[in-house]
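Presented below is the structure to which this report refers.
The values are calculated or read from the model by the stated rules, or taken from the named source; none is laboratory data. None of the values given here were measured: they were computed from a predicted structure. Every residue, glycine among them, receives a Cβ derived from its backbone with ideal geometry; neighbour counts consider all protein chains shown.
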Amino acid sequence: MVKGKTQKSSMVSDGKALDLIVLSVYLIKVAQTKEEKAAYLKTYRASPEGKAKIAAYNASPEAKARKAAYRASPGGKARIAAYNASPEGKAKRAAYLASPEGKAKRAAYHASPEGKAKDRQAHVRRSYGLPPKQVEAILLDQAYCCKICVSPPKKGKVLNVDHCHETGLFRGILCTSCNVGLGRFGDDVEGLIRALSYVTAIYTVPDGIHPVREYTKREATKNNKLKYIYGITLAQFEAMLKEQAGVCKICASGPRTKGRSLAVDHCHETGNVRGLLCIKCNRGLGQLGDNEFGIRRAIRYLKGEL
């Protein structure tokens, strides 16, 4: 009995050994097959035919959809972020952005509506520390209108983030016209109060004394232009200039540009001449609506009462 058992056990052990040998040969064969397959794929992908086939597949809708789905997945995002943060990824990105193709693509993106919106968001976050969600909440609070003139932006325009130029602190979101108008008056409450007094005052144009001498060609042209646009003569213009001592009626400064005279300002509702202003104050009034309402709200805005 003992002898039979010994023979049986030796046969079993021999069978196991044979199985291990067969398994080892199979694994070696599989490994060799994998290596050969990898080498073949590498060679094929580097060949013109392989490159063309890969390019055609990558351009297909199926490949684009698979790529987009992978990039949107958590695993894809993590892998892309890790690669972009690696030295190899940074070097590759820098080389691409420096290439003509990369520059053209970047310029096209920044010129697109999406790129412009992203640039504005980045500028607002960088300059004022306001993330897009906070800006959206402020716009909702203002009913998507300018904080001064209470009007929505014009077609194709956007509302602008306004800040105090002394402290750098955020004040509100304004339309381009009101934002530039405040800048014209140097964000100065006193200047706007003077502008308000100027707009609400009743002004009478002085009678000008026509000179005995004949007008030069240039003076005659200016006289005709003043008569046609504002209903005053060159003599009256000169009398107004003398009355104002040659300076702006609001900010009391001379013409901003050398060789230019002060601008004739008039009410856009009645057409009546109100005085002579420098370009900055004249344009500032126009951008604040050229009315008492706009200027009063601008004063309250600067005082932090809105």
task: Answer yes if at least one residue in the range 136-152 is within 20 Å of Ile279 (Cα to Cα) and in contact (Cβ under 8 Å) with a residue 12 or more places away in the chain, and no otherwise.
output: no
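For every residue, the table says whether it meets (1) out of contact with any strand residue (DSSP E or B) (no Cβ under 9 Å at 6 or more places or on another chain); (2) of a type outside the set (Ser, Thr, Tyr); (3) not in a loop (DSSP other than H, G, I, E, B).
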| site | (1), (2), (3) |
| --- | --- |
| Lys147 | no, yes, no |
| Val161 | no, yes, yes |
| Glu219 | yes, yes, yes |
| Asn224 | yes, yes, yes |
| Leu241 | no, yes, yes |
message: Given the criteria over 34 Å from the mean Cα position of the chain (by Cα), surrounded by 15 or more Cβ atoms within 10 Å (Cβ to Cβ) and touching a residue at least 60 places away in the same chain (Cβ under 8 Å), does Gly294 qualify?
response: no
query: Which pairs have Cβ atoms under 6 Å, sit 6 or more apart or on different chains, and link a residue in the range 65-87 that is aromatic (Phe, Trp, Tyr) to one that is assigned to a helix (DSSP H, G or I)?
result: Tyr70/Gly76; Tyr83/Gly89
message: Quick check on my filter: what residues within the range 182-219 are surrounded by 18 or more Cβ atoms within 10 Å (Cβ to Cβ), closer than 22 Å to Thr270 by Cα and touching a Gly at 6+ places or on another chain (Cβ under 8 Å)?
response: Ala195, Tyr198
- request: For Gly275, indicate whether it is assigned to a strand (DSSP E or B) and touching a residue at least 40 places away in the same chain (Cβ under 8 Å).
  value: yes
statement: All-but-one check, Leu234 against (1) in contact with a strand residue (DSSP E or B) (Cβ under 9 Å, 6 or more places away or on another chain); (2) crowded, with 20+ Cβ neighbours inside 10 Å, failing number (1)
From Arg120, Arg171, residue being in a strand (DSSP E or B) and of a type in the set (D, E, K, R): Arg171
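Quick grid of which residues meet (1) aliphatic (A, V, I, L, M); (2) in the same structural domain as Arg106 (by TED's automatic domain parsing); (3) at pLDDT below 60:
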| site | (1), (2), (3) |
| --- | --- |
| Ser10 | no, no, yes |
| Asp14 | no, no, yes |
| Ala46 | yes, no, no |
| Tyr70 | no, yes, no |
| Pro74 | no, yes, no |
| Gly89 | no, yes, no |
